[in-house]
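Worksheet: the structure to be examined is printed underneath.
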Amino acid sequence: MLEDFWFNLKLGLFHVLDWNAYDHILFLIALVAAYSINQGKRVFWLVTIFTLGHTISLVLAAYDVVSISSEWIELLIPVSILFTALYNIIFAKKNIEKTKVNALYAFTLFFGLVHGFGFSSYFNMVSQAAESKLLMLVEFALGVELSQLFVVIPVMIIGFIFQNIFNMSKKDWILISCSIVVGLCLPILRETWIW
């Protein structure tokens, strides 16, 4: 039982922290680039909502409720990264603390669903031997949540260092970090383009 827990937790951890599939990391960087350390509560909720969407799509796929073409999902993953990074670039001047978060939470949930469907085929294959798919999903989701925090906390610390020690403006930090994300995302988009 404990071995299964650690296996599922590690599966969730390395799903996000896999450098060969760095799209998840790019999305997280773009998602939190506009936030500072003192906005940790909002970042936590964004990350958790993303995990929730990711988990919902895995549940829907694992129990054969929804099936979506992998070609579309593989295209939508880099589109979600690009959208999030470009949103931050376009609104870099705006004070994010005063923006309404409902739409941001809705987009984050939707993008979590997309990213979850991207992993559903592999998850379904691995979960065939599980005694309880639902328990496996919960343990996997915990691993995903922890690994996402392992990504966003360093990003926020780096942002703090650049903005407070190197005197980079918040706007410049957002523009530079999100532009790097866009640059790294474009090859993924080109590879998955279906037209």
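The values are calculated or read from the model by the stated rules, or taken from the named source; none is laboratory data. Bear in mind the structure is a predicted one, so any value in this text is a computation, not a measurement. So basically every Cβ, Gly included, is an ideal-geometry build from the backbone, and we count neighbours across all protein chains shown.
Figures for the structure shown
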{"quantity": "Residue match in the range 71-83 (condition: outside any loop (DSSP other than H, G, I, E, B), surrounded by 14 or more Cβ atoms within 10 Å (Cβ to Cβ), small (Gly, Ala, Ser) and touching a residue at least 24 places away in the same chain (Cβ under 8 Å))", "calculated": "yes"}
{"quantity": "Failed condition for Pro187, given (1) without any contact (Cβ under 8 Å) to a residue 12 or more places away in the chain; (2) over 16 Å from Phe27 (Cβ atoms)", "calculated": "(2)"}
{"quantity": "Qualifying residue in the range 151-170 (condition: within 17 Å of Leu11 (Cβ to Cβ) and either without any contact (Cβ under 8 Å) to a residue 60 or more places away in the chain or aliphatic (A, V, I, L, M) (or both))", "calculated": "yes"}
{"quantity": "Verdict on Thr99 being out of contact with any Lys or Arg (no Cβ under 9 Å at 6 or more places or on another chain), at pLDDT below 90 and of a type in the set (Ser, Thr, Tyr)", "calculated": "yes"}
{"quantity": "Residues satisfying the stated conditions in the range 1-31, i.e. in a loop (DSSP other than H, G, I, E, B) and either β-branched (Val, Ile, Thr) or farther than 18 Å from Val181 by Cβ (or both)", "calculated": "Met1"}
{"quantity": "Filter pass, Phe14 being of a type in the set (Phe, Trp, Tyr), more than 22 Å from Phe117 (Cβ to Cβ) and touching a residue at least 24 places away in the same chain (Cβ under 8 Å)", "calculated": "no"}
{"quantity": "Checklist (1) surrounded by fewer than 17 Cβ atoms within 10 Å (Cβ to Cβ); (2) at pLDDT 95 or above; (3) not aliphatic (A, V, I, L, M) applied to Ser121, failing item", "calculated": "(2)"}
{"quantity": "Helices (runs of 4 or more DSSP H) contained entirely in the range 92-195, each with at least 1 residues that are of a type in the set (S, T, N, Q), at negative phi and touching a Ser or Thr at 6+ places or on another chain (Cβ under 7 Å)", "calculated": "102-126, 133-164"}
{"quantity": "From Ile56, Ile29, residue being closer than 24 Å to Asn164 by Cβ, crowded, with 18+ Cβ neighbours inside 10 Å and among the β-branched types (Val, Ile, Thr)", "calculated": "Ile29"}
